[in-house]
1. Compute the length gained on full extension between Val227 and Ala133: take 0.36 nm times their separation in residues and subtract their Cα-Cα distance, giving the result in nm to one decimal.
2. How far is it, in nm, from the label point at Ala296 to the one at Ser253 when both lie 7 Å from their Cα along the line to the Cβ?
3. Going 7 Å from the Cα of Arg166 along its beta-carbon direction, which residues of the range 200-222 have the amide nitrogen within less than 16 Å of the resulting point?
4. Which of the lysines could a cross-linker bridge to Lys309, judged by Cα under 26 Å and excluding same-chain residues fewer than eight apart?
5. Give the whole-number value, in cubic angstrom per residue, of the convex hull volume spanned by the C-alpha atoms of the range 6-99.
6. As a test of the definition: which semi-axes, in Å, follow for the chain when you take the square root of five times each eigenvalue of its alpha carbon gyration tensor? Largest first, please.
7. Quick check: pseudo-label points 7 Å beyond the Cα along Cα→Cβ at Ala88 and Ala2, how many nm apart are they?
8. Once you charge only the Cβ atoms, +1 for Lys and Arg and -1 for Asp and Glu, what is the size of the charge dipole of the range 5-329 about its Cα centre, to the nearest 20 debye?
Amino acid sequence: MATPCIDTNNRTIDYLRISVTDRCNLRCVYCMPAEGVPPKTHDDVLRYEEIARLVRIAAGLGIRGVRITGGEPLVRRGLTGLVAELAAIPGISDLSMTTNGTLLAQHAAELARAGLRRVNVSLDTLDSDRYRAITRLGRLDDALAGIRAAAETGLRPIKINVVVMRGGNDHEVVRFARRTVSDGWNVRFIEVMPIGEGARAASAHWVSSAEIRAAIEAELGPLEPTVLPGNGPARYWRVPGARGTIGFISPMSQHFCHACNRIRMSADGKLLPCLFTPPDAEIDLRTPLRSGADDATLASLFRQTIAAKPDGHHLDERAVPTCRRMSSVGG
Ligand code: SAM
Ligand code: SF4
């Protein structure tokens, strides 16, 4: 088994997030403009066999966890085939997906059979009208059916990602927290980040994790610390006695850069050392990949990416970062 890569800040980098498409069937207000984004051409996007080759190389460098994301990964045809290929790569011990869940009911069983371990489902509200307002195109029932299907097929633990916006869904945080008791949900509240459409949401509607936690504790009493397996930056808590957990992802108020273990790959084959990497600092894999580069050359580009990881995002020191949209890098 390959030894994990350690970066210049002494962090072990063993987790790769792969965006398989920029396209999405929703238009969440903090993520995409209403009209969507210009789609990349078929040729721009890495083919599945190209992704699989790159993951094999990354596994050789100590990558253990792979998360498939997007855009909405399930809008890309034939995704189960990619899951099966990635699941078979020696060294990849945790294969997961982040999805809006609306197409998951149709695919959960085949994804689980192909070797997907677990899913994170983005769900910002439990109210149908509000779901339509936030996602602009989606139906709450489809997302809930996706969550049920994932649970039935064993894609667990399922984590429910809730981006909290003041005046949008902030009054629902206690309702979500109650689901950790009644249904065993693992809910993670995310602070909105000033990326793309999120820039406006972050300035006008931002809510801190501390405020969300206080609102929950005011209703349900003090939370107790707990753990939940995964690769992520969330800190986990539970309502005493609950089966499910409550996590807080606080990129703005309490960033987790010191413990960051990940690099990212975009659908068009760029490596990003950090979510907030500006376009001119992305590392191009696609050009060498398609010009016949050997595995050692591609491995050196992964190493270069890990070496370029900044110590932190320093968002508090800049206005709005000039990086990709979330829908293009996968969150
Ligand atoms: N379409 C899939 C989904 O929604 O789960 C995967 C891609 S989406 C970009 C990944 C995650 O990023 C989602 O949980 C979404 O809520 C989150 N996200 C998007 N824009 C955000 C923003 N501006 N601030 C915080 N989280 C954001
Ligand atoms: Fe699509 Fe996910 Fe962005 Fe919503 S958050 S628009 S579901 S990519």
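Read-outs: derived from the displayed coordinates by stated rules, not from any lab. Quick caveat: nothing in here was measured; it's all calculated off a predicted structure. Every residue, glycine as well, gets a Cβ built from its backbone with ideal geometry; the counts of neighbours run over all protein chains shown.
1. Working: separation 94, 0.36 × 94 = 33.84 nm, distance 3.32 nm.
Full extension of this stretch gives 30.5 nm more.
2. With each label placed 7 Å out from Cα toward Cβ, I get 5.1 nm.
3. In the range 200-222, the label zone of Arg166 (backbone N under 16 Å from the point 7 Å along Cα→Cβ) covers 200-215.
4. List returned: Lys270.
5. Values: hull volume 11.4 nm³, N = 94.
Output value, Cα hull per residue: 122 Å³.
6. Working: eigenvalues 181, 93, 83 Å².
Result for the chain: semi-axes of 30, 22, 20 Å.
7. 1.9 nm
8. Values: 42 positive and 36 negative charges, 94 e Å.
Using only the charged Cβ atoms, the result is roughly 440 debye.
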